[in-house]
Amino acid sequence: MMNFVDRVDEQKRLIDAVSGAKPSFVAIYGRRRLGKSTLIKKVLTDRDIYFLADQTETSQQIRLLAKEIALKIEGFDKVVYPDWNTLFEMLNARATGRFTLCLDEFPYMVKKSPELPSILQKHLDSKNIKYDLIVCGSSQTMMHGLVLDAKEPLYGRADQILKLAPINISYLAEYLNCNAVQAVEEYAVWGGIPRYWELRQKNKSLQEAIEYHVINSHGVLYEEPYRLLFDDIRDIVQTSTLLSVIGGGANRLSEIAARIEKPATQLSRPLDRLIELGFVEREIPFGENPKNSKKSLYKIADPFIDFYYRFVIPNRSLIELGRTSVVLNEINEKFNIYVSRHWEHICRKAVSGANFGGVTYNVASRWWGNVSREEIIEIDIVAQSIDNKTIIVGECKWSSISDSDALLAHLTEKAKKLPFAKGKKIIPMLFAKDCKTVTENVLTANEIVC
């Protein structure tokens, strides 16, 4: 069992909800493997009831929940409950003290019983409910709709809505007990997903874990992206094709459309869906308006899915044949280049909202474009100060640097040509795996991660 890491705020909010003066209704959701159930079980006590729903028929789910309740309320399962409303009425009638009822994978219950949200709404609105209610699910689409869609019965009823996000890289370094450089490399494969960390810990090295869990037809993560997509996507074939094409290097909408052989207008909605789910990100140059920018680039945002569609999908035939050594060689050859993109993302996140030299900066992004007819410039990190007077212009290198002064001078010259830098104070910064000399404007992996 994985040690419980992070989730400090989520745990506090959950405890506050179930220990308040009156019973509360809490909704928790997020993609699979994020540790939602672990978080809930961390808060539940011996008096509480935890029910993990499955995809069986309603009558069977009612029987199974009644059996769980019977562990706390004697004889509760000796009665046949014809529907959910009868069960919840009896539960409230027989409750002798306050407890928490958790319905995990709640979307499975709703899928078989669409009337269930309305039944729970009636009980919540009565104000006579004697227990705290937690609903949890991995289907982000359904959970978001059930509690945040104004047309749905449970809208506006939740006292807490917790959407779990991936865990920060600093906790990965702590969990695996590794140094900052190793943490970046590990994060580029596993991302911030606790279950993947738990699996990784069972192996001695990153390469061994990749070989055992990912690039092996019997590996527990070999089909993982499809399981994630099934929770929220109807057209798995088109979605997986989109991810394959983007993972293969097609980042502009026109390029993606050409490879899939579909009009670009038909791809906007599925791409937006992937962005909402956190699997894909749309990148535009710093300072441009997202609504009308014509320079959008689409990239896979989730590290594990990115790794999968870059190295697993193109090599599935070899993996099925057991030729994992060939696939490992390719991974090793391209790994530094692959990690460098995620290093950029880690650095941009570290700069966003940070304070350097007494100045606080807004969200960092990338910039690329023409500064003249002949010259195109790309800048890995651009962040403007809150007071709009200063701009950080950064370059990311997943390598060890020695001549930082020369690199900073070159970066400063590039920055002076940027159209949005005129009249602003420019702070050049380097972000490197490590640096042989101590320089104020250079941040290393150790400083970023730890």
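Of all the criteria given as (1) out of contact with any Asp or Glu (no Cβ under 9 Å at 6 or more places or on another chain); (2) surrounded by 15 or more Cβ atoms within 10 Å (Cβ to Cβ); (3) among the hydrophobic types (A, V, I, L, M, F, W, C), the one not satisfied by A258 is (2). The helices (runs of 4 or more DSSP H) found wholly in the range 140-210 include none carrying at least 3 residues that are in contact (Cβ under 8 Å) with a residue 40 or more places away in the chain and of a type in the set (D, E, K, R). Note on the range 1-12: residues that are assigned to a helix (DSSP H, G or I) and in contact with a Leu (Cβ under 8 Å, 6 or more places away or on another chain) amount to 2.
Name the residue that is nearest to D83 (Cα to Cα), counting only residues in the range 46-62 that are surrounded by 16 or more Cβ atoms within 10 Å (Cβ to Cβ) and not aromatic (F, W, Y). Across the range 46-62, the extreme among qualifying residues is I62. Sub-6 Å Cβ pairs linking a first residue in the range 342-360 that is at negative phi to a second residue that is charged (D, E, K, R), at least 6 apart or interchain, are E344/D380, ordered by first then second residue.
L253 meets each of the listed conditions (1) surrounded by 16 or more Cβ atoms within 10 Å (Cβ to Cβ); (2) under 17 Å from V312 (Cα atoms) apart from (2).
Residues that are outside the structural domain of L418 (by TED's automatic domain parsing) and within 26 Å of I319 (Cα to Cα) occur in the range 280-290; there is at least one.
Could you go through the range 22-39 and let me know if any residue there is surrounded by fewer than 16 Cβ atoms within 10 Å (Cβ to Cβ) and either more than 27 Å from the chain's Cα centre (by Cα) or not assigned by TED's automatic domain parsing to the domain that holds G137 (or both). Yes, the conditions are met somewhere in the range 22-39.
Only one of the listed residues (F76, F99, F88) is surrounded by 14 or more Cβ atoms within 10 Å (Cβ to Cβ), under 22 Å from D125 (Cβ atoms) and more than 32 Å from the chain's Cα centre (by Cα). That residue is F88.
For the range 81-108, the set of residues classified as at pLDDT below 95 and at positive phi is empty. Output the residue which, of all residues in the range 71-119 that are free of Cβ contacts under 8 Å to residues at least 40 places away in the same chain, part of a helix (DSSP H, G or I) and among the charged types (D, E, K, R), is farthest from G35 (Cα to Cα). That would be K78.
Scanning the range 238-258 for residues that are more than 27 Å from V326 (Cα to Cα) and aliphatic (A, V, I, L, M) yields L253, I256, A257, A258. Selection over the range 13-43 of residues that are outside any helix (DSSP H, G or I), touching a strand residue (DSSP E or B) at 6+ places or on another chain (Cβ under 6 Å) and within 24 Å of A301 (Cα to Cα) gives a count of 3.
Each residue in the range 132-163 was checked for being under 19 Å from V43 (Cβ atoms) and surrounded by fewer than 20 Cβ atoms within 10 Å (Cβ to Cβ), and 4 of them qualify. Within the range 327-371, which residues are assigned to a helix (DSSP H, G or I), closer than 21 Å to N388 by Cα and not β-branched (V, I, T)? Passing the criteria: C347, R348, K349, A350. How about the range 243-267: which of its residues are in a helix (DSSP H, G or I) and touching a residue at least 12 places away in the same chain (Cβ under 8 Å)? Across the range 243-267, the qualifying residues are L243, S244, V245, I246, G247, L253, I256, R259, I260. For the range 268-316, taking the residues that are of a type in the set (D, E) and either under 23 Å from H144 (Cβ atoms) or part of a loop (DSSP other than H, G, I, E, B) (or both), the one that is nearest to the chain's Cα centre (by Cα) is identified as D302.
The values are calculated or read from the model by the stated rules, or taken from the named source; none is laboratory data. Because the structure is a prediction, the values reported are computed rather than measured. Neighbour counts are summed over all protein chains in view; Cβ atoms, including those assigned to glycine, are modelled from backbone coordinates with ideal geometry.
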